[in-house]
Every structure is written in C-alpha cells, then in structure tokens.
Amino acid sequence: MKMLNLMRAVAVSVAGLASVAAIAADNTIVVGGKNFTEQQIMAEMTTQLLQAKGFKVDTRAGMGSAVLRQAQENGQVDVYWEYTGTSLITYNKIKERMSPEKTYEKVKTLDAKRGLVWLNASRANNTYALVMREQEAAAKHIKTLSDLAKAENAGAKLTFATNAEFAARADGMKPLEKAYGFQFGRANVKHMDSGLTYQALRDKQVDVALAFATDGRIPAFHFVVLTDNKHFFPAYALTPVVRKDTLKAHPKLAGILNGLSAKLTDKVMAHLNASVDVDKKSIRDVAAGFLKKSGLI
C-alpha cells in the first residue's frame, strides 16, 4: 500500500511538472493568487488584463501564502500580487521597523537575489488600521492617530474594539499607545473576535475599532481610516511581483502591470472587496467592471 501511494504521488508530481513545462513552452503566463477575496480579485483582474493584451494565461488562485511564494520561486507561478510587509517579515525575517518606502526598497533588493522583480507598488496598503464612523470622526476633528491621541489626552475617553491578538502583540496596542503618547484606558478597551470589531463600531457600541485598511466593510459601513502619520504599522503595499526570467521573456508585462498598480488605493480596494463580500457580486464581474471603468481594457 505504501509503495502504491508513493507511485501515485510520483505520478501526480510528474504530471504537475509536465503541465508547468507545457505552459512554459507555449509562453503562457501563470498568474497566482492567495485564498482571500482581495487576492482573488487581483488574480482575476490580472488574468483579464493580460488576456486583453494578447497573452495566454493560466490562473491559479486560492493558494496559501507560503505555497504561492514557493511556487513562484520554483518557477511554477510567473506573477502574483504580494504585500511588502509579508515579504519583509515573513519571507525575509526582517524585524526592523521601516517606512513604506524603505520597506519596498528592502524587499525589492532582497527578493531580486531570488530572481523576483518587484514592480511599482500601489497605494493600497492592507495593514492594520484604526477606524471610526465618518460622522463622529469629522465632528471630533480626528483624521490621524495623532489627532486621536490629542483627543484622548484632552479627556475624550473613546472606547476601542480590538481582537485579543492585537491587544497582546509586541507591536500591537500598547506599543501603539506609547508611540503616539496616549492610553485608551483598560475600562475603555473591548476585546472581541476580529470580525466583530466592525459590527461593534457600526452599531455604536464603541468609538474606535481595529481593522485592516482595505477591508470592504470600511466603505460599506461608512467608516474612515485614521492616518498613521508616524508610520507605526508596517507597510503592506499591494505590489505585482514577477519572475525575472518571465519579465525578460515578456518585457511588456512591466508596463501593463504597473498601469494597473497605479489605479489601486486603499479606497479602491475596499470598494472592490465590498462589492464581493457585501454586495455579493461575482469576482469576475467586479474585476471586469473595474478594468473597463479605469480604461485599462
């Protein structure tokens, strides 16, 4: 039985390699993507965009982050959209805190050694964020985390919804408070599961909530992201990453993907994510609609 299973595994492996070889032979671009909404949207947009430009495309979305990265390093995936912070911290094990610009330059340099080319970073940064209801933030004149600190130090006593991980992380709530010089106060911090922070803020159970900057519920629930003006949170700029050999064979890819990257912001990605997660539109339709509206196809 063990020998039979081994033979099957080898057969599957050989078949997979043969498939990759066949794709490489006919100049097909293999587009990868991770297994959450934003990544599925980006994989679909990249696929449609490249097809519109005359490329043959094989799409392999829904992969785990580590598996996808390894597949690209091994030459099985040509391009996918990665986050600068993920490469810096997870793949390159760099713990030093850096500005968004330095983070990008660092991963670009480090990953070049692995045959990977980071193209132009977008303005979509899917990092931790603190959000408020738009009307309340405007009424209290809070646009940045420094504004939040100023309000707290003046006695605002705003309540904060956070998950347990962020509250306990070495780079989480306490260091954030220290960096900006304020404290919510233990009585004003409400611990809950990540997904519930959005609901608690929407339902006015809290005044501030932990979020991810490009989450679709931010625009759907009329929240505003407070600007991290001291760059406390690591940068997670959404960026197209292409294998060097692929780019050498297809130099036009750089201009095409950079053109898409230039259209992406936190607001844009949050809207696209909400179209799928909140409005229940298909990923294919959302991707096509954005590309056409943006004049990319």
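One residue stands out among those in segment 50-107 that are basic (Lys, Arg) and in contact (Cβ under 8 Å) with a residue 40 or more places away in the chain: the one that is farthest from Asn258 (Cα to Cα), which is Arg97. Only one of the numbered conditions (1) assigned to a loop (DSSP other than H, G, I, E, B); (2) more than 20 Å from the chain's Cα centre (by Cα); (3) of a type outside the set (Gly, Ala, Ser); (4) more than 23 Å from Pro234 (Cβ to Cβ) is violated by Val77, and that is (2).
Suppose we filter Gly155, Gly195 for residues that are closer than 19 Å to Asn273 by Cα and free of Cβ contacts under 8 Å to residues at least 12 places away in the same chain; which single one remains?
Numbers: Gly155 fails: closer than 19 Å to Asn273 by Cα.
Just one listed residue meets the conditions, Gly195.
Tell me whether segment 242-251 contains one or more residues that are in a strand (DSSP E or B), under 23 Å from Glu38 (Cβ atoms) and touching a residue at least 24 places away in the same chain (Cβ under 8 Å). Yes, some residue in segment 242-251 is in a strand (DSSP E or B), under 23 Å from Glu38 (Cβ atoms) and touching a residue at least 24 places away in the same chain (Cβ under 8 Å). Mind listing whichever residues of segment 75-96 are surrounded by fewer than 22 Cβ atoms within 10 Å (Cβ to Cβ) and in contact with a helix residue (DSSP H, G or I) (Cβ under 9 Å, 6 or more places away or on another chain)? Those that are surrounded by fewer than 22 Cβ atoms within 10 Å (Cβ to Cβ) and in contact with a helix residue (DSSP H, G or I) (Cβ under 9 Å, 6 or more places away or on another chain): Gly75, Gln76, Thr86, Thr90, Tyr91, Asn92, Ile94, Lys95, Glu96. Taking the listed residues Lys204, Lys113, the one that is modelled with pLDDT of 95 or more, on the phi > 0 side of the Ramachandran plot, basic (Lys, Arg) and out of contact with any Leu (no Cβ under 7 Å at 6 or more places or on another chain) is Lys204, with no other qualifying.
Against the condition of a type outside the set (A, V, I, L, M) and assigned to a loop (DSSP other than H, G, I, E, B), how does His231 come out, does it pass? So His231 fits the description; yes. In this structure, is Asp277 surrounded by fewer than 19 Cβ atoms within 10 Å (Cβ to Cβ) and at pLDDT below 95? Against the criterion (surrounded by fewer than 19 Cβ atoms within 10 Å (Cβ to Cβ) and at pLDDT below 95), Asp277 qualifies. In segment 240-254, is there at least one residue being closer than 13 Å to Asn125 by Cβ and either crowded, with 17+ Cβ neighbours inside 10 Å or not small (Gly, Ala, Ser) (or both)? Checked segment 240-254: no residue is closer than 13 Å to Asn125 by Cβ and either crowded, with 17+ Cβ neighbours inside 10 Å or not small (Gly, Ala, Ser) (or both).
The values are calculated or read from the model by the stated rules, or taken from the named source; none is laboratory data. Remember, predicted model here, so these are calculated numbers, not experimental data. Please note: Cβ atoms are built from the backbone with ideal geometry, for glycine as well, and neighbour counts cover all protein chains shown.
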